[in-house]
Amino acid sequence: MRAQSHVVGVALMLGIAVLALGTLTAGVGTLIDSQTADADAQRVAEGFDRAIQGVERTGTHSHDLSFTGGQLHTVDRTMRVLNNGTVVASVEADALVYERGDRRVLSLAGAVVRDQDGNTFLTGTPPITHSERTDVLLVGAPKLNASRFSLSGGDGVTATLRTNVSHERRDLGTGEFSVAIETDSPDPFRRFFAEQGATVESRTFAGDEVASVVATYPGVRQGYLVVHDLRLEVTHG
């Protein structure tokens, strides 16, 4: 009877050990997947910052972007400039988006946004500047101008991002200007505009998929809009 109890005890201990080992293995696997996803998101964010350059670049440029898993695609997004509440300029800026699980990176309006574990933050800011001394507002509006596409894979993807950048400057006259960016990641844009001293609100424009962050700069200013047309092409390497 004692021998039988001993055998049962050993079997029970072995069962617990196997269960613990399985739990540990699963935990290690989850940790590795999480670290890989983090590395992918970081690499894509840095790649977006290098590849989607509209302000400081003219002419052709290419950059290879690699990730081990996830999806890369475009979405429709619009930037607008308003003068005294009336839209005076509208740019189909669009956004380049990378998603893997709860990791998300997007390039929109010249900014690079990372969304991870519910925390959303900018790793690159929009090219929008103003001066209270000269009463000037300069709005840079990078425009992807890309065909719709979607790339995905679980065994590694390499994409080449090619741009051919040109610039167009528009004089918007004077008035009280607002800048509106259509985005489903509003919080970092709200913080960016608030730090510039703008009054920030949300507004949904007709025809848009999601609401826009609308930032109104106080006082009468001279407004300029510079559209940076990237003519982006993405090919699967």
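The values are calculated or read from the model by the stated rules, or taken from the named source; none is laboratory data. Just so we're clear, the structure is a prediction, and the values are computed from it rather than from any experiment. A quick note on method: Cβ atoms are made from the backbone with ideal geometry, for glycine too, and the neighbour counts reach across all protein chains shown. In case anyone asks, the SASA skips ligands and DNA or RNA and just uses the protein heavy atoms, side chains included. Shrake-Rupley method; radii C 1.70, N 1.55, O 1.52, S 1.80 Å.
Couple of notes before you dig in:
- Top-ranked residue in the stretch 154-190 [being exposed (fewer than 15 other Cβ atoms within 10 Å of the Cβ) and within 19 Å of the chain's Cα centre (by Cα); ranked as farthest from Phe67 (Cα to Cα)]: Thr160
- Note on the stretch 34-74: residues that are within 16 Å of the chain's Cα centre (by Cα), open to solvent by less than 60 Å² (accessible area, probe 1.4 Å) and within 19 Å of Ala111 (Cβ to Cβ) total 13.
- Flag for Glu195 being in contact with a strand residue (DSSP E or B) (Cβ under 6 Å, 6 or more places away or on another chain), free of Cβ contacts under 8 Å to residues at least 24 places away in the same chain and among the charged types (D, E, K, R): no
- Residues located in the stretch 77-89, provided they are open to solvent by 60 Å² or more (accessible area, probe 1.4 Å) and over 12 Å from Tyr224 (Cα atoms): Asn84, Thr86, Val87
- Looking across the stretch 135-162, the residues that are within 17 Å of Ala198 (Cβ to Cβ) and in a strand (DSSP E or B) come down to Val136, Leu137, Leu138, Val139, Gly140, Ala141.
- Residues located in the stretch 191-209, provided they are open to solvent by 40 Å² or more (accessible area, probe 1.4 Å) and not polar (S, T, N, Q): Arg191, Ala194, Glu195, Gly197, Glu201, Arg203, Ala206, Gly207, Glu209
- Residue match in the stretch 121-131 (condition: within 16 Å of the chain's Cα centre (by Cα), at pLDDT 90 or above and surrounded by 17 or more Cβ atoms within 10 Å (Cβ to Cβ)): yes
- Qualifying residue in the stretch 111-119 (condition: in contact (Cβ under 8 Å) with a residue 12 or more places away in the chain, acidic (Asp, Glu) and open to solvent by less than 70 Å² (accessible area, probe 1.4 Å)): yes
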